[in-house]
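Scroll down for the structure; my scribbles are underneath it.
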Amino acid sequence: MKTPLLAIAALLVAFPEVASAQPPPVLTGVVTTRDDGLSLPGATVAIEALNLSSAADSEGRYTLTLPAEAVGQGYEVKVTAAGSPSAAGPGSSG
């Protein structure tokens, strides 16, 4: 059984100097299996505290657009996939 692993190469871009002129902060990454490092299409990536989730595409990539108030906060990122145990780990937004 393959265990999902967050390979979060997260670039969180948010400098709240001029909130209206800044794009929203975005968390992106690739979900891969721990055993062989293959991408895990269709896995769900969620930040439950923010009520956000996204499904990984055919290459395991996902994107979550965060609310501006999430900048500088830490949240748990949870990954679930059919037939695999869920995995969770810390995420940071700034």
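For segment 62-78, a residue qualifies if it is of a type in the set (A, V, I, L, M, F, W, C), out of contact with any Phe, Trp or Tyr (no Cβ under 9 Å at 6 or more places or on another chain) and in contact (Cβ under 8 Å) with a residue 40 or more places away in the chain, and the qualifying residues are Ala68, Ala70, Val77. Please determine whether any residue of segment 2-10 is in a strand (DSSP E or B), of a type outside the set (Phe, Trp, Tyr) and modelled with pLDDT of 90 or more. Looking through segment 2-10, none of the residues is in a strand (DSSP E or B), of a type outside the set (Phe, Trp, Tyr) and modelled with pLDDT of 90 or more.
The values are calculated or read from the model by the stated rules, or taken from the named source; none is laboratory data. Every value quoted in this text rests on a predicted model; they were computed, and no experiment measured them. Counting neighbours? That spans all protein chains shown, and the Cβs are built from the backbone with ideal geometry, glycine included.
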